[in-house]
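Engineer: Encoded as structure tokens, here's the structure I'll be asking about.
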Amino acid sequence: MKAVLCKAFGPAETLVLEETASPEAKKNEILLDVHSAGVNFPDTLIIEGKYQFKPPFPFSPGGEAAGVVAAVGEKVGHVKVGDRVMALTGWGSFAEQVAVPGYNVLPMPTDMDFDTAAAFSMTYGTSMHALKQRADLKAGETLLVLGASGGVGLAAVEIGKALGARVIAAASSAEKLAVAKAAGADELIDYSTDSLKDEVKRLTGGQGADVIYDPVGGDLFDQAIRSIAWNGRLLVVGFASGRIPELPVNLALLKGAAVVGVFWGSFAQRQPQDNLANFQQLFAWYSEGKLKPLVSQTFALERSGEALNALSQRKAVGKVVVKVRP
Ligand SMILES: NC(=O)c1ccc[n+]([C@@H]2O[C@H](COP(=O)([O-])OP(=O)(O)OC[C@H]3O[C@@H](n4cnc5c(N)ncnc54)[C@H](OP(=O)(O)O)[C@@H]3O)[C@@H](O)[C@H]2O)c1
């Protein structure tokens with residue numbers, strides 16, 4: 001099979017496309033014929049050796065995929081050969097085939113195409129878990145989303161609206177904010193030109209935001225915690241800016257606020273039934289037209305490096321997808 005391989009940690013330019021042996025499905029795995037692979041920020045970190053886990057060399061990056069089941073291990077019962085499925089792979093999806101544990105595979109909704117399915121699980125799964133289980137976001141509350149045109153950010157905007165919140169989208173350019181607006185954001189803040197803290201205060205009549213969704217970290221976190229409402233919840237989702245911020249905890253005390261960690265991958269493993277219920281709700285919203293996943297760019301397998309660079313160079317909006325089978 002053809003696979004994009006990482007043979008040593010380094011930038012996307014060091015990835016190579018090669019012919020390599022297909023993996024085999026173990027007893028608890030399925031073998032997936034990959035059609036499309038979703039690109040996520042962790043993929044850009046894994047190839048550089050900067051992520052929580054480091055796969056053995058050589059490996060293919062690509063943490064999620066959609067395709068057709070090619071083989072099923074004897075302990076997997078919920079899907080069969082020929083089914084169209086979406087899968088969380090951790091790595092390995094920038095290849096024509098990947099073996100995936102059965103518990104990380106879901107049948108695709110019948111009204112979804114491969115590109116959308118490949119772009120769905122990580123972002124919507126993360127943002128649903130963050131806003132539902134971690135923030136307990138209520139209808140009528142104000143939700144501030146940082147990095148609001150990115151993968152997880154844009155999903156948070158849509159889910160926030162579906163849950164009945166007033167959504168303030170914050171991003172680094174007018175073009176990115178237009179994407180968040182089209183996804184339903186009520187208010188917009190361009191933090192490349194305006195003070196995040198001042199604008200949140202202005203838009204909330206001085207109250208601050210009830211829930212803050214932060215996949216960016218760094219300086220934006222420092223400003224965001226100062227614009228949180230009484231009883232607010234700040235969701236720590238990621239650090240796309242590259243800096244893990246530190247918190248003077250008196251700020252949490254003064255607002256009666258909570259800083260809440262979000263680790264969707266761990267949640268999905270530890271609470272599979274809750275995760276499944278989240279996805280049932282997400283698929284229902286998708287069918288009702290409340291969620292409209294944005295795949296803004298697709299790249300052929302041999303251009304996977306460019307797909308990764310779109311994210312690491314802060315150029316992507318919504319989701320970028322690698323089309324493994326055109
Ligand atoms: N906790 C979890 O369970 C979980 C799950 C999935 C992802 N994540 C994390 O969430 C974060 C976002 O992931 P994603 O896949 O949504 O990424 P993405 O699509 O690239 O979005 C990241 C956003 O961060 C902003 N940003 C600010 N500084 C940046 C920089 N130096 N480089 C790149 N982007 C920058 C960008 O928006 P502006 O230009 O508008 O600022 C961009 O839209 C990552 O840190 C990822 O590891 C966490």
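Engineer: What is the list of residues in region 90-128 whose amide nitrogen lies under 15 Å from a point 7 angstrom out from the Cα of residue 280, following Cα to Cβ?
Structural biologist: 107
Engineer: Can you tell me what share of the DSSP beta bridges in the chain is antiparallel? A percent to the nearest 5 is fine.
Structural biologist: Of those bridges, close to 55 percent are antiparallel.
Engineer: Okay, next question. What FRET efficiency comes out for the pair residue 273/residue 136, r = Cβ-Cβ distance, R0 = 25 Å, nearest 0.05?
Structural biologist: Approximately 0.85, to the nearest 0.05.
Engineer: Debye calculation, C-alpha points only, no solvent: report log10 I(q)/I(0) for region 173-326 at q = 0.16, 0.18 Å⁻¹, in the same order as the q values.
Structural biologist: Evaluating at q = 0.16, 0.18 Å⁻¹ gives log10 I(q)/I(0) of -1.20, -1.38.
Engineer: For a quick check: sort 158, 18 by the number of other beta carbons within 10 angstrom, fewest at the front.
Structural biologist: Arranged by neighbour count, lowest to highest, 158, 18 become 18, 158.
Engineer: For the chain, what relative contact order do you get, as a whole percent, if you take Cα pairs closer than 8 Å and at least 6 residues apart?
Structural biologist: The value is 18 percent.
Engineer: Would you please state the base-10 log of I(q)/I(0) at q = 0.11, 0.16, 0.18, 0.20 1/Å for region 253-326, with intensities from the Debye formula using one equal scatterer on every alpha carbon?
Structural biologist: Per q value, in the given order, log10 I(q)/I(0) is -0.52, -0.93, -1.01, -1.02.
Engineer: I've got another one for you. May I have the pair-distance distribution P(r) for region 1-52, computed from all Cα-Cα distances with 5 Å bins from 0 and rounded to whole percent?
Structural biologist: Going from the shortest bin to the longest, the percentages are 4, 16, 19, 22, 23, 13, 2, 0.
Engineer: Then there's this: Taking the Cα centre of region 81-234 as origin and charging only Cβ (+1 Lys, Arg; -1 Asp, Glu), how large is the dipole, in debye to the nearest 20?
Structural biologist: Around 460 debye, computed over region 81-234.
Engineer: Also, I was wondering about something else. Pick out, from 298, 278, 248, the residue whose Cα sits farthest towards the positive end of the charge dipole of region 232-326, with +1 on the Cβ of Lys and Arg and -1 on the Cβ of Asp and Glu.
Structural biologist: It is 298, whose Cα lies furthest towards the positive end.
Engineer: What's the whole-number percent of alpha carbon pairs in region 1-128 lying beyond 26 angstrom?
Structural biologist: 17 percent
Engineer: What's the ranking of 78-85, 202-209, 221-228 by average number of surrounding C-beta atoms within 10 Å, highest first?
Structural biologist: Sorting 78-85, 202-209, 221-228 by mean packing, highest first, produces 221-228, 202-209, 78-85.
Engineer: To the nearest 0.05, what FRET efficiency results for residue 20 and residue 113 with a Förster distance of 25 Å applied to their C-beta separation?
Structural biologist: In this case the efficiency is close to 0.35.
Engineer: In addition: Measure up 54/176; 2/319; 138/181; 181/323; 50/290; 75/132 against 30 Å on the Cα-Cα distance and list the ones that go over.
Structural biologist: Checking Cα-Cα distances, 54/176; 50/290; 75/132 exceed 30 Å.
Engineer: Next question. Please grab the % of Cα pairs in the chain that end up more than 33 Å from each other.
Structural biologist: 24 percent
Engineer: Would you please state the base-10 log of I(q)/I(0) at q = 0.26, 0.27, 0.30 1/Å for region 279-318, with intensities from the Debye formula using one equal scatterer on every alpha carbon?
Structural biologist: For region 279-318, the Cα-only Debye profile gives -0.79, -0.82, -0.92.
Engineer: With an 8 Å Cα cut-off and a minimum separation of 6 or more residues, compute the relative contact order for region 184-326 in percent.
Structural biologist: 15 percent
Engineer: Right, something else. Among the aspartates and glutamates, which fall within straight-line cross-link reach of residue 197, defined as a Cα-Cα distance under 12 Å, with same-chain neighbours fewer than 8 residues apart omitted?
Structural biologist: Straight-line reach from residue 197, under 12 Å: 219, 222.
Engineer: Taking the chain as the reference, fit the longest principal axis to its C-alpha atoms, fit the long axis of helix 151-162 to the helix C-alpha atoms, and give the angle between the two in degrees, 0 to 90, nearest 10.
Structural biologist: For 151-162 against the chain, the angle is about 60 degrees.
Engineer: Would you mind giving the three semi-axes, in whole Å and largest first, of the ellipsoid equivalent to region 112-232 according to its Cα gyration tensor?
Structural biologist: For region 112-232, the semi-axes come out at 22, 16, 12 Å.
Engineer: Same structure again: Going by C-beta contacts inside 10 Å, put 24, 29 in order with the fewest on the left.
Structural biologist: The fewest-first ordering by Cβ neighbours comes to 24, 29.
Engineer: Charges at C-beta only: +1 for Lys and Arg, -1 for Asp and Glu. How large is the resulting dipole of region 202-296 about its Cα centre, in Debye rounded to 20?
Structural biologist: 120 debye
Engineer: How do the peptides 170-181, 236-247 rank, highest first, by the average count of neighbouring beta carbon atoms within 10 Å per residue?
Structural biologist: Highest-to-lowest ranking by the protection proxy: 170-181, 236-247.
Engineer: For the chain, take the longest principal axis of its alpha carbons; what is the angle in degrees between that and the long axis of helix 272-287, to the nearest 10 within 0 to 90?
Structural biologist: Taking Cα atoms only, the helix is inclined about 80 degrees.
Engineer: Continuing with the same structure: Based on the alpha carbons, how large is the Rg to Rh ratio for region 77-164 when Rh follows Kirkwood?
Structural biologist: 1.04
Engineer: Right, another one. If you average over every viewing direction, what projected area does the convex hull of the Cα atoms of region 231-286 give, in nm²?
Structural biologist: Result: a mean projected hull area of 5.7 nm².
Engineer: Between residue 230 and residue 263, what is the label-to-label distance in nm when each label sits 7 Å out along the Cα-to-Cβ direction?
Structural biologist: Using points 7 Å along Cα→Cβ, the separation is 3.4 nm.
Engineer: Right, another one. Please name which of 238, 60, 258 has its Cα lying farthest along the dipole of the chain towards the positive end, using unit charges on Cβ (Lys, Arg +1; Asp, Glu -1) and the Cα centre as origin.
Structural biologist: 258
Engineer: Take the Cβ-Cβ distance between residue 8 and residue 174 as r, set R0 to 30 Å, and report the resulting FRET efficiency rounded to the nearest 0.05.
Structural biologist: Taking R0 as 30 Å, the efficiency between residue 8 and residue 174 is 0.15.
Engineer: May I pose another question? Find the centroid of the Cα atoms in region 223-251 and in region 125-181, then give the distance between the two in whole Å.
Structural biologist: Between the Cα centres of region 223-251 and region 125-181 lies a distance of 16 Å.
Engineer: Follow-up question, since we're still on this one. What is the magnitude of the charge dipole of the chain about its Cα centre, with +1 placed on the Cβ of each Lys and Arg, -1 on the Cβ of each Asp and Glu, and no other charges, expressed in debye to the nearest 20?
Structural biologist: 480 debye
Laboratory data are not the source of any read-out in this text; all were calculated from the coordinates shown. Since this is a predicted model, take the numbers as computed values, not measurements. Every residue, glycine among them, receives a Cβ derived from its backbone with ideal geometry; neighbour counts consider all protein chains shown.
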